[in-house]
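Take a look at the structure set out below.
Computed from the coordinates by the stated procedures, all read-outs in this text should not be read as laboratory data. Here the structure is a predicted model, which means the values were calculated and not measured. Methodologically, a virtual Cβ is constructed for each residue, glycine included, from the backbone with ideal geometry; neighbour enumeration extends over all protein chains shown.
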Amino acid sequence: MSSNHCPNCSSKEFVSNLNQYDILEFKNGDFQILKSQSIDEYEIFCRECRQKLENKNGKIIAKG
């Protein structure tokens with residue numbers, strides 16, 4: 001298997017978790033966004049099997 005595939009299921013498609021979140025407040029019977037913040041760190045997952053992955057020495061490996 002090539003190093004550009006998920007080591008778990010061989011998929012070639014990957015996704016990252018969201019690197020932004022909203023700070024909410026409950027007002028007048030509903031949630032309202034006060035502000036949005038970004039996170040500098042992110043994680044990569046296989047799109048098919050959701051295995052958490054990382055790049056180690058130019059190869060995709062399962063993170064665990």
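Taking a sphere under 10 Å around the Cβ of N17 and counting the other residues whose Cβ falls inside, with K and R at +1 and D and E at -1, yields a net charge of -1. Name all residues of the range 1-34 having a backbone nitrogen under 19 Å from the label point set 7 Å from the Cα of E48 along its Cα→Cβ direction, giving them as ranges. Residues passing the 19 Å test: 1-16. For the chain, the Cβ-based charge dipole about the Cα centre amounts to some 320 debye (Lys, Arg positive; Asp, Glu negative; other atoms uncharged). Hey, fewest Cβ within 10 Å first, where do L18, L24 land in order? Ordered from fewest to most neighbouring Cβ atoms within 10 Å, L18, L24 come out as L18, L24.
All other residues whose Cβ lies under 15 angstrom from that of Q37 are scored, Lys and Arg at +1 and Asp and Glu at -1, for a net of -3. Between S10, I44, Q20, the Cα set farthest toward the positive side of the dipole of the chain (charges on each charged residue's Cβ, about the Cα centre) is that of S10. Our summary gives the chain a relative contact order of 35 percent, counting only alpha carbon pairs under 8 angstrom and 6 or more residues apart. The number of Lys pairs in the chain with C-alpha atoms less than 20 Å apart, excluding pairs fewer than 8 positions apart on the same chain, is 6. Normalised by residue count, the range 14-62 yields a Cα convex hull volume of 89 Å³ per residue.
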